[in-house]
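Accompanying notes for the structure given below.
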Amino acid sequence: AILVTAHIGSFETAIAVLTSYTKNIHVVYLHDYLGTFDKIRENVRRRLGVIDEPVDRGMETWLRLRDALDSGHVVLMQGDRVQEGQQGMETLFFGRKAMVPSGPLKLASMTGSCLVPVYCLRRADHKFELFLEEPIDVPVGRIDDPATAPAQRALIESMEKIIRKDPSQWLAVHQMWQETE
């Protein structure tokens, strides 16, 4: 399965919880321009036993992710904003045109894996709550095929629902909406 999350709540806490269910988690990420942050993140993930998959390594990473999914491993990806060097696809997000990463849909379509939205929010009592949504089936084929549109829409609606639940936890620090004329 490909677990897809948004930049909301506590990503690393979600990873820690998920490792209690499986040890075969591959986390797709983009190297941070702050080397110190990368070192902290890598140290935490190494202790958790997850496998880092840097998206900026291109085809090498895609082949490793395909092989991981073929071996029954889990891949965890972000789905709410396009990072530098990533490919995106235009969609409606909160009723406005936005670019979202095409990677989750592309990988699912390429491997026959389902998408599972997952989020980890901090509650008012300072504990965390993990949300696992229903799996989203993605037809095998090209992502620009109209048959994949319902899967993309379902993923976007899941992210919108969790962001509406507590918008203060959404880390939307980058411009994601496209300018309208």
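We did not get these values from a lab; they are worked out from the coordinates using the rules stated. Treat the numbers as computed from the prediction; the structure is a model and nothing was measured. Counting neighbours? That spans all protein chains shown, and the Cβs are built from the backbone with ideal geometry, glycine included.
In table form, for the structure just shown:
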{"read-out": "Among Thr22, Thr111, Thr61, residue whose mean-square fluctuation peaks in a GNM of the chain (springs only between Cα atoms under 10 Å)", "value": "Thr22"}
{"read-out": "Label point distance in nm, Lys23-Arg57, each placed 7 Å from Cα along Cα→Cβ", "value": "2.1 nm"}
{"read-out": "Max mean-square fluctuation residue, GNM over the chain, Cα-Cα springs under 10 Å, options Gln169, Gln87, Gln78", "value": "Gln87"}
{"read-out": "Computed [θ] at 222 nm, deg cm²/dmol, the chain (DSSP H ≥ 4; -39,500 (n - 2.57); rounded to nearest 500)", "value": "-10500 deg cm²/dmol"}
{"read-out": "Spin-label pair Glu42/Asp70, simplified geometry with 7 Å Cα→Cβ offset, distance in nm", "value": "2.8 nm"}
{"read-out": "Subset of Lys97/Lys161; Lys23/Lys165; Lys106/Lys161 violating a 25 Å alpha-carbon distance limit", "value": "Lys23/Lys165"}
{"read-out": "Shape of region 1-87, Cα gyration tensor, a/c cut at 1.5", "value": "rounded"}
{"read-out": "14 Å reach of a label modelled at His126, 7 Å along Cα-to-Cβ, counting backbone N of region 8-22", "value": "none"}
{"read-out": "Candidates Tyr119, Tyr29, Tyr21, ranked by Gaussian network fluctuation over the chain, Cα under 10 Å, top entry", "value": "Tyr21"}
{"read-out": "Kirkwood-Stokes translational diffusion coefficient of the chain, alpha-carbon pairs, 4 °C, 1.567 mPa s, µm²/s", "value": "77 µm²/s"}
{"read-out": "Positive-end residue, region 63-181 charge dipole about Cα centroid, Cβ charges, pick of Gln78, Gly95, Pro139", "value": "Gln78"}
{"read-out": "Under the Karplus curve 6.51 cos²θ - 1.76 cosθ + 1.60, θ = phi - 60°, whole-Hz ³J(HN,Hα) for region 52-67, x wherever Gly or Pro sits", "value": "6, 10, x, 5, 7, 9, x, 4, 4, 5, 4, 5, 5, 5, 4, 5"}
{"read-out": "Estimated distance in nm for a label pair at Asp145 and Arg96, the labels positioned 7 Å out from Cα along Cα-to-Cβ", "value": "3.3 nm"}
